[in-house]
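Q: Please read through the structure below; I'll follow up with questions.
The values are calculated or read from the model by the stated rules, or taken from the named source; none is laboratory data. Quick caveat: nothing in here was measured; it's all calculated off a predicted structure. FYI the Cβ positions are ideal-geometry reconstructions off the backbone, even for glycines, and counts take in every protein chain you see.
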Amino acid sequence: MPTLVIGNKNYSSWSLRPWLVLKHLGIGFDEIQLELDTPTFKQQIGLYSEAGRVPVLVVDKLKIWDSLAICEYLAEVHPHLWPDDRNARALARAITCELHSGFSALRNELPMNCRAQQRQIEISAEARSDLERIEQLWQQCSNTRTPEQNSAGPWLFGRFGIVDAFFAPIVIRLLGYRLSLSANSIAYVELQRSNPLLQAWIRAGQAETTVLPHEEAGGVE
Ligand SMILES: N[C@@H](CCC(=O)N[C@@H](CS)C(=O)NCC(=O)O)C(=O)O
């Protein structure tokens, strides 16, 4: 049985991605949850990863300490986590990698917070530009989805894949803060919101009682 080491479900956006993929695949796994920003966090995560961050997937003696590396490890046995078509697969990977390595303004100004609901917030031009880029990517996927992908499902490349799991934390952010979105983006947010697996994560995050002040943003709901 693999073990996924994660942070607080309310706040840990990176932990959500592989958790969602494992759940989607129906793979049984144990969860070890560590409280972020506590005096003991570094020592506890140090048992699993010298990088000192969650998530980590532990499979026997193997420890994988990065959300994308974990998903790629799973995709080697479950290749349908990426699109079948080679060109579509390259695009899905490019989008996933862009998300993995960028969007720092959006990340900093709109922390993932399952408990936040439509909070009022002012965002910088940089965060606005990150948001516009995300909407552009979703629009590009809608515009280029092939009939085969459409018949496979409603996700960015048809069936649910790693690229969708990587956008799930962004969707929780968009549910948490009041921001204007295109009709296409709203439809994708609603699609993600209707995923029972994401709903289960959100409920678990909302049930947590820890409040990390620096992860709290936005005003009266
Ligand atoms: N590149 C890593 C980033 C992971 C990451 O930044 N995790 C955050 C929590 S969401 C963390 O562990 N922060 C704790 C710390 O830096 O002390 C991944 O994708 O897994």
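Q: Do we find a residue being under 20 Å from ALA88 (Cβ atoms), part of a helix (DSSP H, G or I) and not assigned by TED's automatic domain parsing to the domain that holds LEU22 anywhere in the range 203-214?
A: In the first step, residues of the range 203-214 are kept if they are under 20 Å from ALA88 (Cβ atoms); the result is none.
No, the range 203-214 contains no residue that is under 20 Å from ALA88 (Cβ atoms), part of a helix (DSSP H, G or I) and not assigned by TED's automatic domain parsing to the domain that holds LEU22.
Q: Give just the number: which of (1) within 16 Å of the ligand (Cβ to nearest atom); (2) assigned to a helix (DSSP H, G or I) does CYS114 not satisfy?
A: (2)
Q: Oh, and also: With LEU57, LEU47 as the choices, which residue is modelled with pLDDT of 95 or more, farther than 22 Å from GLU215 by Cα and in contact with a strand residue (DSSP E or B) (Cβ under 7 Å, 6 or more places away or on another chain)? Talk me through it step by step, then tell me what you get.
A: Details: LEU47 fails: in contact with a strand residue (DSSP E or B) (Cβ under 7 Å, 6 or more places away or on another chain).
Going through LEU57, LEU47 in turn, just one is modelled with pLDDT of 95 or more, farther than 22 Å from GLU215 by Cα and in contact with a strand residue (DSSP E or B) (Cβ under 7 Å, 6 or more places away or on another chain): LEU57.
Q: Considering (1) assigned to a loop (DSSP other than H, G, I, E, B); (2) in contact with a helix residue (DSSP H, G or I) (Cβ under 9 Å, 6 or more places away or on another chain); (3) without any contact (Cβ under 8 Å) to a residue 60 or more places away in the chain, say which one SER180 fails and leave the rest.
A: Going through the list (1) assigned to a loop (DSSP other than H, G, I, E, B); (2) in contact with a helix residue (DSSP H, G or I) (Cβ under 9 Å, 6 or more places away or on another chain); (3) without any contact (Cβ under 8 Å) to a residue 60 or more places away in the chain, SER180 breaks only (2).
Q: Pairs needed: first member in the range 41-67, assigned to a loop (DSSP other than H, G, I, E, B); second member anywhere, more than 9 Å from the ligand (Cβ to nearest atom) and not polar (S, T, N, Q); C-beta distance under 7 Å; at least 6 residues apart or different chains.
A: Partner pairs satisfying both residue conditions: TYR48/VAL5; TYR48/VAL58; TYR48/LYS63; SER49/LYS63; GLY52/GLY46; VAL54/VAL5; PRO55/LEU4; PRO55/VAL5.
Each row is one residue, and each column tells you yes or no for (1) in contact (Cβ under 8 Å) with a residue 40 or more places away in the chain; (2) over 29 Å from ASN8 (Cβ atoms).
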site: PRO79; (1), (2): no, yes
site: ASP85; (1), (2): yes, yes
site: ALA105; (1), (2): no, no
site: PRO111; (1), (2): yes, no
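Q: Under 6 Å between Cβ atoms, at least 6 apart or on separate chains: pull out the pairs that start in the range 21-34 with a residue that is part of a loop (DSSP other than H, G, I, E, B) and end on any residue that is among the aromatic types (Phe, Trp, Tyr) and surrounded by 15 or more Cβ atoms within 10 Å (Cβ to Cβ).
A: Sorted first by the residue in the range 21-34, then by its partner, the pairs are LEU34/PHE41.
Q: Now, a different point. Confirm whether GLU135 is at pLDDT 95 or above and in the same structural domain as GLN118 (by TED's automatic domain parsing). Don't jump to the end; show me each part of the working.
A: On the way: at pLDDT 95 or above: yes; in the same structural domain as GLN118 (by TED's automatic domain parsing): yes.
The answer is yes for GLU135.
Q: Same structure, new question: Picking from GLU76, GLU35, GLU31, which residue would you name as being of a type outside the set (Gly, Ala, Ser) and within 14 Å of the ligand (Cβ to nearest atom)? Can you show your working first?
A: Numbers: GLU76 fails: within 14 Å of the ligand (Cβ to nearest atom); GLU31 fails: within 14 Å of the ligand (Cβ to nearest atom).
Just a single option satisfies the conditions, and that option is GLU35.
Q: Still on this structure, please answer the following. Scan the range 156-163 and tell me whether some residue there is touching a Cys at 6+ places or on another chain (Cβ under 6 Å), part of a helix (DSSP H, G or I) and within 21 Å of ARG93 (Cα to Cα). Reasoning before the result, please.
A: Residues of the range 156-163 touching a Cys at 6+ places or on another chain (Cβ under 6 Å): 156, 162.
Still in the list and also part of a helix (DSSP H, G or I): 162.
Then keep just the ones that are within 21 Å of ARG93 (Cα to Cα); that gives 162.
Scanning the range 156-163 turns up at least one residue that is touching a Cys at 6+ places or on another chain (Cβ under 6 Å), part of a helix (DSSP H, G or I) and within 21 Å of ARG93 (Cα to Cα).
Q: Could you check the range 3-28 and list, in sequence order, the residues that are surrounded by fewer than 18 Cβ atoms within 10 Å (Cβ to Cβ) and either within 10 Å of the ligand (Cβ to nearest atom) or under 15 Å from ALA69 (Cβ atoms) (or both)?
A: Within the range 3-28, none qualify.
Q: Are there any pairs, at least 6 apart or on different chains, whose C-beta atoms fall under 7 Å, with the first in the range 138-159 and in the same structural domain as VAL189 (by TED's automatic domain parsing) and the second among the β-branched types (Val, Ile, Thr), and if so, which?
A: If the second residue must be among the β-branched types (Val, Ile, Thr), the pairs left are LEU156/VAL163; PHE157/VAL163.
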